[in-house]
1. For region B:54-161, which helices (runs of 4 or more DSSP H) that fit wholly inside it have 2 or more residues that are without any contact (Cβ under 8 Å) to a residue 40 or more places away in the chain and within 14 Å of chain A (Cβ to nearest Cβ)?
2. Do the conditions hold for A:Val411, that is, is it touching a helix residue (DSSP H, G or I) at 6+ places or on another chain (Cβ under 6 Å) and free of Cβ contacts under 8 Å to residues at least 40 places away in the same chain?
3. Restricting attention to strands (runs of 3 or more DSSP E) lying wholly within region A:426-542, give those where 3 or more residues are of a type outside the set (D, E, K, R) and under 30 Å from A:Leu302 (Cβ atoms).
4. Please determine whether any residue of region B:97-107 is more than 20 Å from B:Gln271 (Cα to Cα) and surrounded by 21 or more Cβ atoms within 10 Å (Cβ to Cβ).
5. Could you tell me how many of the residues in region B:251-279 are more than 15 Å from the chain's Cα centre (by Cα), outside any helix (DSSP H, G or I) and either at pLDDT 85 or above or more than 7 Å from chain A (Cβ to nearest Cβ) (or both)?
6. Looking at (1) crowded, with 21+ Cβ neighbours inside 10 Å; (2) more than 22 Å from A:Ala463 (Cα to Cα); (3) out of contact with any helix residue (DSSP H, G or I) (no Cβ under 9 Å at 6 or more places or on another chain), can you tell me which one A:Glu343 breaks?
7. Looking at region B:262-276, which of its residues are surrounded by 24 or more Cβ atoms within 10 Å (Cβ to Cβ) and either under 16 Å from B:Ser90 (Cα atoms) or among the small types (Gly, Ala, Ser) (or both)?
Amino acid sequence: MSSRTLTAAASLSALVLLAGCSASPEADETSEPVDGGTLVYATGDAEPTCLDPHVGGNYPQALISTQYLEPLVGRDADGTITPWLATEWETSEDGLTWDFTLRDDVSFTDGTPFDAAAVKANIEHLQDPDTASSTGYLAVEQVSEVEVVDDAHVRLHLSTPKSALLEALSQQWTAIQSPAGIARGQEENCRAPIGTGPFIVEEWVPQQRVTLVRNEDYDSPGPEADHEGPAYLDGIEWRFIPDAATRQAALASGEVDVVDNPLPSDIAAAEGLGFTHIDAPRPGASNRIELNTAQAPFDDVLVREAFVRAADPSPGIESLFLGAATRSYSPLSSVEPLAYSDESLFVTDPDAADDLLDEAGWTERDDDGTRVKDGERLTVRFPVSTNQSTAAEQSLFEQIQANAADAGFDVVLTPVDLSAWYGALSAHEYEAVSAPYTTVGPDVLRILYHSDGTVPAPSGYFANHAMLRDPELDATLDAAASALDPDERAALYADAQRVVLDSYAVLPLYDQQNHFLVNGATGVTTLGTVATPTFVNARLTD
Amino acid sequence: MPALRWIAARIGGALLVVWIVATTVFFALRASGDPLEAILGGPGSQASPEAVEAARREYGLDRPLVVQYLLQLWRVSTFQLGDSYARRESVVGLIGQQLPSTLLLAALALVLAWLLAVVGAVIATSSRGIAGRVVDALLRGVEVVSTVMPQFWLGTVLILVFASSLGLLPATSAGNDPASLVLPVVTLAVPIAGFLAQVSRDALLEADAAPFATTARARGAAEHRVLLRHTLRHASLPALALSGWAFGNLLSGAVVVEVLFARPGIGRLLQEAAMARDVPLVIGAVAIVAVLYVAVVVLTDAVELLVDPRLRGPRPRVLRAPDVAVGS
């Protein structure tokens, strides 16, 4: 279905909702929160194929596993690392040894005590090729040995210093599970991983729901918890509703209490309907268009700058997202404390774009206005993954396409499924691309812009789509990755971002969108790590 | 023995369909992406080299493509559909879990489509005079509109009206709860009903004017008796012949409806598997759907044989192609 159909359906849905529900939005304000009851959460993300986020490691797994697994450390809204299952940590001078002090009063929900041996078992599980961990594996790649000092102390030995270690360990993809649970084997552990979290996986009926029940012995409150002890809810019914209009209808009719991935129009209508809107941008990289610097025409910095001057995404972001997204001028998400932003580099200037293209030798134009040089048209192949780009974002790309056409670019947008998109990247059949990358901390810059990232992984994937190969940038990113002094680290990441932005190979658009709408519940918050919701404080208000 | 030959031809046809489908799916999925993605947690995964190699060996992806294809065919033909790449569970088990839900949906939708079609046809043919012509024209209009109505759109509108605005029915559907089945069944049935109604109304009109109806009336039979004993039976034949096609249509419509109403089922399983390049699951699901489809076509032929005594003559006329053109 085209983006227009979806947009039409979306506006229709907003209209009908307004018409149907305007009568009773005040109802929620008078109802008091109650303890107990089952909250129904409806996700539009794909259903995980495995509930253990060590296996593979994608966002849907982070979303649900936040309810039953907890990481060693947390991160608050300011980006400060906080204690969680580990209470204290210390780094050696050379950054190669990390000592963690663990809570000694926490047990997994199967009764297995949480201790140093459990941490060791988890890191080894992440590193075991049979686990097929991707995201979690990257987080603990540099850990060469896990030493059990005593029950409450564990020592990690690293092969190279890693300043992002704590950020990496705060991610849900490295959260700690019961060693006894892991020992049951992958098949069983995928169905019901065992953790220390506020809820327990009771049952998974594929394509329908995961039933989560309260952990009565819960006693390891994370940074978002407002109280000690177990959650207020009896449980959560986690449902999979792929269609956004259906999710919204289910929310409006009270069939579900919380939804994710609402459409921009539904977010805009939320307040009038008495829904609570939670805006929780994802950390890591911002959503951005990357220009392939490894091949014509974007191997010429003049042409890249011309594209940036001509693209003019801001009006589109404002109109298409209806206020739900703010323009970004940084390669990093606005929730990253070390994000560096420079608006002056991205001023829209069609005249300058024309001059730059003239200067670069693209002086002629063919019949449809596309610039030509030595018989070559100024074509920009832009494969768009329909699995990752929302309807609003695809419309934004169409506007950018139209704006760039005025300057003489022929931007060919090709909507494709994830696999074909991935294939186009591997074959370098792209000049422009937009790819999300969620992780915690500025180390994502090394993943995305270090020249190591131009070399495909065994699976064919490479993260450096801009194909930046700058030895100085590499050196800065390497130094930042091992810098343990916070000030030095911040300065190095600022330098790196300046280099990336100055290259005109990246056109930042907005933060990775993460929105939740709540109807009939209070106390829903999101973690400062990958912005997944936690229901430890949640109460129903019916 | 004509019946045996007839059955053999049907089974041969089914095998051919499954073979074509399996081959197409195999090469289409392989041409557009590497199934290793599905095995290793989806695109973008940066699995370690050891994990990639182990997976390649484990799933036989290190062998030549032709060998993999032949192995896949062998598995399908012996009904060893293997394990899903993404879910690491048996394909037969996964499909077995989801199939009843889809079959229930499709069966109810077929029944409703039939009801709507017959009621529509009877109303259209039994109204007389100017009012009758108006009703007839109106019904024809409704039939055409419902036939071309996209299920995605129809379903969305039904959800918005009956779930979000009126709050009468749930927006999502799971299991056998009658209330939650209403909207998906209606969404699925309406376009089929329009098609069946068009065909059966014309046949009903034809039967109504046929000599046997006139004879019955001349012998003093009441209108409802003529309808129930004679004309309706005659009119149901072309629609019955189409029921096999309708069932196939329902199975493909199930993909849209199951995604829209978040209903479990083989359609949604297939959609997710195709997105993930989960070759064994897609081939398994499609093969089972193809077998089902052929089985239903055979079944409707058999029912046709029961309803229409003329087909039970010396020549097995059921071997002929359906004489009603099927729109695409």
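The values are calculated or read from the model by the stated rules, or taken from the named source; none is laboratory data. Predicted model only: the values in this text are computed from it and were never measured. Neighbour counts run over all protein chains shown; Cβ positions are idealised from the backbone, glycine included.
1. B:91-126, B:151-158
2. Answer is yes for this residue.
3. Details: elements: A:432-434, A:506-510, A:515-518.
Per the criteria, A:432-434, A:506-510.
4. The answer is no, given that none of the residues of region B:97-107 is more than 20 Å from B:Gln271 (Cα to Cα) and surrounded by 21 or more Cβ atoms within 10 Å (Cβ to Cβ).
5. Result for region B:251-279: 6.
6. It fails just one condition, (1).
7. B:Ala262, B:Gly265, B:Ile266, B:Gly267, B:Leu269, B:Leu270, B:Ala273, B:Ala276
Here is a yes/no grid of residues against (1) in contact with an Asp or Glu (Cβ under 7 Å, 6 or more places away or on another chain); (2) hydrophobic (A, V, I, L, M, F, W, C):
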{"site": "A:Asn261", "(1), (2)": "yes, no"}
{"site": "A:Leu302", "(1), (2)": "yes, yes"}
{"site": "A:Arg309", "(1), (2)": "yes, no"}
{"site": "A:Gly316", "(1), (2)": "no, no"}
{"site": "A:Ser344", "(1), (2)": "no, no"}
{"site": "A:Val347", "(1), (2)": "no, yes"}
{"site": "A:Asp351", "(1), (2)": "no, no"}
